[in-house]
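These notes are about the structure you will find just below.
The values are calculated or read from the model by the stated rules, or taken from the named source; none is laboratory data. Bear in mind the structure is a predicted one, so any value in this text is a computation, not a measurement. Here Cβ is always computed from backbone atoms with ideal geometry, including for glycine, and neighbour counts include all displayed protein chains.
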Amino acid sequence: MNSSLYAVPNATWPNLEVAGESQYEASIRALLGRLAKDQDKELQTEALLVPEPDNPYDSRAISVRVQGAVVGYLTRADARAFAPILHRLAASGVTAVVPARVWGVLRDDWEGKGTRFHSNVRVALPEPHLIVPLNDGPSEPYSILPWGSGLQVTGEEKHFDVLAPFAGQADRSLLLVTLHRGSEEKARGGQREFIEVRVNGQRVGELSTQSSRHYFALVDHHAAKGLTVAAWAHLKGSALAAEVVLQASKASEVENSYLDGDARTMAQLVAPAASYDVPPSYTGLPRSASPQRTEATPRKAPGTAPSAGKKQVAAAAKSGCAVVGVGLLSLGGGLVTAVHQFLS
């Protein structure tokens, strides 16, 4: 199954620390390039979050991959929180892509044995229930505007019947709305033009006259290309009332690459379920990894015992995605499966 990429909405700054970077030093150093002693480098990039249901140590492990290489894992706690939604994406043939920060520095080893590389990787993620919208994308051709600052939608109270099925599921929920030109006669004559906001083709409110001016040009531009303007929105509410906040870049904020590029759409996802059929993607530990350089407390793999007279290989592991020892690596393809073609 070919995978497509899903840029997670509202993933704006790297807020989650990745675990196990010390086991992927070679990959991280390759990303950062040559380093002099006491020189640190930072790379702002994008990372793929790849579930590894075939990981022999944790079936909910989520690897973090930059330019096709594993650079660490979500921590055990974060993996458990994000696994359900990331598994749903993977079962739909979709991989989440998020902003990432990769940092490294070369310093004197504290044991006086030359230099030692230190690294830190962080990724940007909102709360799990804000990663995908509660509704599907529009049935007509459309393109989703880049994420932007919040603008309050007005008149939601007149259309609560449309919002009620989505309200109250969490403190906030994510919706995919569409924007349309609307007009009506003013009481004293003339026409008032505004942007109408719809969910699943049904009106849920409108933008104020002032806010609407920021989107007329975008609606017209997309219409000329045969597209409807879609946008992300936050929904807050209960069984009694709800409000919608539009999160869309304005005409003055979008880049030309978006305006001239292909339409940005939402992939069709499998229905929410208790479990999903997730493709295997575990790659194991690079042969160049050195257990002695692990900065986290070593942890042996669940259900294993050290062999008498042999040196136990330490696990990486803040993430709980334990490191495979040299003996396991020698088994070859028995434990390591190929990564999807889009990651190779």
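Listed by first and then second residue, the pairs with beta-carbon distance under 6 Å, at least 6 apart or on different chains, first residue in the range 25-52 and assigned by TED's automatic domain parsing to the domain that holds THR95 and surrounded by 13 or more Cβ atoms within 10 Å (Cβ to Cβ), second in a strand (DSSP E or B) and polar (S, T, N, Q), are ILE28/SER119; LEU48/THR95; VAL50/SER63; GLU52/SER63.
Scanning the range 182-216 for residues that are charged (D, E, K, R) and either touching a Phe, Trp or Tyr at 6+ places or on another chain (Cβ under 9 Å) or surrounded by 12 or more Cβ atoms within 10 Å (Cβ to Cβ) (or both) gives GLU184, ARG192, GLU193, GLU196, ARG198, ARG203, GLU206, ARG213. Of PRO272, PRO279, PRO165, which residue is without any contact (Cβ under 8 Å) to a residue 60 or more places away in the chain and either assigned by TED's automatic domain parsing to the domain that holds PRO126 or assigned to a loop (DSSP other than H, G, I, E, B) (or both)? Of PRO272, PRO279, PRO165, the one residue that is without any contact (Cβ under 8 Å) to a residue 60 or more places away in the chain and either assigned by TED's automatic domain parsing to the domain that holds PRO126 or assigned to a loop (DSSP other than H, G, I, E, B) (or both) is PRO165.
With the condition being of a type in the set (Lys, Arg), I'd like the strands (runs of 3 or more DSSP E) fully within the range 33-89 carrying at least 1 qualifying residues. It would help to see each step written out before you state the result.
On the way: elements: 40-51, 62-66, 69-73.
Because the criterion is at least 1 residues that are of a type in the set (Lys, Arg), the strands (runs of 3 or more DSSP E) in the range 33-89 that meet it are 40-51, 62-66.
Residues that are surrounded by 15 or more Cβ atoms within 10 Å (Cβ to Cβ) and within 9 Å of LEU134 (Cβ to Cβ) within the range 163-181 comprise PHE166, SER173, LEU174, LEU175, LEU176, listed in sequence order.
Scanning the range 244-257 turns up no residue that is modelled with pLDDT under 95, under 21 Å from the mean Cα position of the chain (by Cα) and polar (S, T, N, Q). Looking at the range 181-199, is at least one residue among the hydroxyl-bearing types (Ser, Thr, Tyr) and in contact (Cβ under 8 Å) with a residue 12 or more places away in the chain? Within the range 181-199, none of the residues are among the hydroxyl-bearing types (Ser, Thr, Tyr) and in contact (Cβ under 8 Å) with a residue 12 or more places away in the chain. The residues on offer are ARG116, ARG181, ARG188, and the sole one that is farther than 30 Å from GLU42 by Cα, more than 22 Å from the chain's Cα centre (by Cα) and in a strand (DSSP E or B) is ARG181. Of the residues that sit in the range 221-255 and are touching a residue at least 24 places away in the same chain (Cβ under 8 Å) and part of a helix (DSSP H, G or I), which one is surrounded by the most Cβ atoms within 10 Å (Cβ to Cβ)? Only one residue tops the list, namely HIS222. Residues in the range 17-31 that are touching an Asp or Glu at 6+ places or on another chain (Cβ under 7 Å) and either among the basic types (Lys, Arg) or under 12 Å from ARG101 (Cα atoms) (or both): ILE28 only.
When SER63 is tested against the conditions (1) under 29 Å from ARG116 (Cα atoms); (2) surrounded by fewer than 23 Cβ atoms within 10 Å (Cβ to Cβ), the lone failure is (2). On the basis of being of a type outside the set (A, V, I, L, M) and closer than 20 Å to VAL278 by Cβ, does TYR24 make the cut? Taking the combined requirement at face value, the residue does not satisfy it.
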